[in-house]
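I am attaching a structure below and will ask some questions about it afterwards.
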Amino acid sequence: MQAALELLGYRDTYHFHKIYSNMQDADFWIELLDRKYSGKPTNWREEFDKLLGHCAAVTDTPAAMFYEELIEAYPDAKVVLVERDVEAWVKSIDPVVEMMYNPLILTYCFFDPKWMGKLRKIWAPWAKHFFHARDKDSFRGNLREGYKRHSDGVRGCVPKERLLEYRLGTGWGPLCGFLGKEIPEMEFPRINESTAFKEMLNIVKRRSARNVLGNVAMLGGALVVGGLSIYWGLRRTWGN
């Protein structure tokens with residue numbers, strides 16, 4: 001959908017992957033998640049404009065976690081609720097579920113707090129609040145219910161004239177008709193989401209692994225220097 005919307009002229013359509021190259025976005029989202037789930041008074045239009053003002057459209061998490069706030073903040077915006085085969089979606093999302101509870105990834109979060117740790121601060125509320133996940137098994141067990149609850153929530157707060165329930169796989173026609181766009185000459189983008197997820201997760205893990213090695217090396221160097229300082233301090237004390 002991100003690729004399709006950008007082909008239709010919606011510049012800088014937002015997707016979670018944009019965070020990977022700009023961790024300042026992660027800081028914004030973490031603050032907004034705290035505001036949302038702690039009930040802090042917030043001017044959502046003002047906050048969204050700071051983060052998303054350059055974007056003509058948004059897709060994916062974490063934006064989807066704020067569908068109520070986004071719909072209220074932008075009362076003239078059109079909303080596309082993407083409907084797809086639920087079992088195919090469950091299969092495609094499983095690598096994310098697996099990664100979130102992988103002991104190695106949790107270790108990365110600890111030793112790489114400025115990158116992987118921040119990403120987890122976005123994933124964790126999504127799992128907790130959208131899927132009532134307590135652990136990996138409950139996350140997997142609640143995926144279908146969470147999917148339905150989200151779809152029903154969107155239907156319940158968007159006026160029908162602003163909402164398109166778009167079935168993935170039906171091509172350009174329904175989408176372009178709803179958005180008032182001409183149908184492009186190229187085919188509707190088709191991306192193997194499961195493969196794309198796995199490739200992106202591998203990139204994320206490799207980058208965090210490099211960060212962890214760098215952080216551990218710096219920590220080790222600091223400990224060595226600190227240890228030597230203590231050693232020579234004790235030697236001077238003993239010498240005296």
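Every number here is computed from the coordinates shown, using simple stated rules; none is lab data. Bear in mind that the values here come from a model prediction, so they are computed numbers and not experimental data. Because the Cβ atoms are built from the backbone with ideal geometry, glycine has one as well, and the counts that use them run over all protein chains shown.
Please state the charge dipole magnitude for the chain, taken about the Cα centre, from unit charges on C-beta atoms (+1 on K and R, -1 on D and E), reported in debye and rounded to the nearest 20. Spell out each step's value before the answer.
Details: 34 positive and 31 negative charges, 228 e Å.
Using Cβ point charges on Lys, Arg, Asp and Glu, the chain gives about 1100 debye.
Can I ask one more? What span do the alpha-carbon atoms of the chain cover on each of the three principal axes, reported in whole Å from largest to smallest?
87, 38, 36
So how much slack lies between T61 and R45, counting 0.36 nm per residue of separation and subtracting their Cα-Cα distance, in nm? It would help to have the intermediate numbers written out before the result.
Working: separation 16, 0.36 × 16 = 5.76 nm, distance 1.80 nm.
The span from T61 to R45 would gain 4.0 nm if fully extended.
Too long at a 32 Å Cα-Cα cut-off: which of K40/K78; K136/K181; K36/K205; K160/K198; K40/K205; K78/K114? Please report the intermediate quantities before stating the final value.
Values: K40/K78 27 Å; K136/K181 42 Å; K36/K205 29 Å; K160/K198 36 Å; K40/K205 34 Å; K78/K114 35 Å.
Among K40/K78; K136/K181; K36/K205; K160/K198; K40/K205; K78/K114, the Cα-Cα distance tops 32 Å for K136/K181; K160/K198; K40/K205; K78/K114.
Evaluate the distance, in nm, between pseudo-label points positioned 7 Å from the Cα of E199 and of L179 along their respective Cα→Cβ axes.
2.2 nm
In degrees between 0 and 90, to the nearest 10, how far off the longest principal axis of the chain does helix 193-239 point, with axes built from Cα atoms?
20 degrees
Determine the distance separating the Cα centre of the range 160-176 from the Cα centre of the range 1-62; give it in Å without decimals.
So the separation of the two Cα centres works out to 22 Å.
Could you work out how far apart the two model spin labels at L81 and E145 are, taking each label as a point 7 Å from the Cα in the direction of the beta carbon, and quote it in nm?
Taking the two extended label points, one gets 2.0 nm.
Going by alpha carbons, how many degrees (0 to 90, nearest 10) lie between the helix axis of 136-157 and the longest principal axis of the chain?
40 degrees
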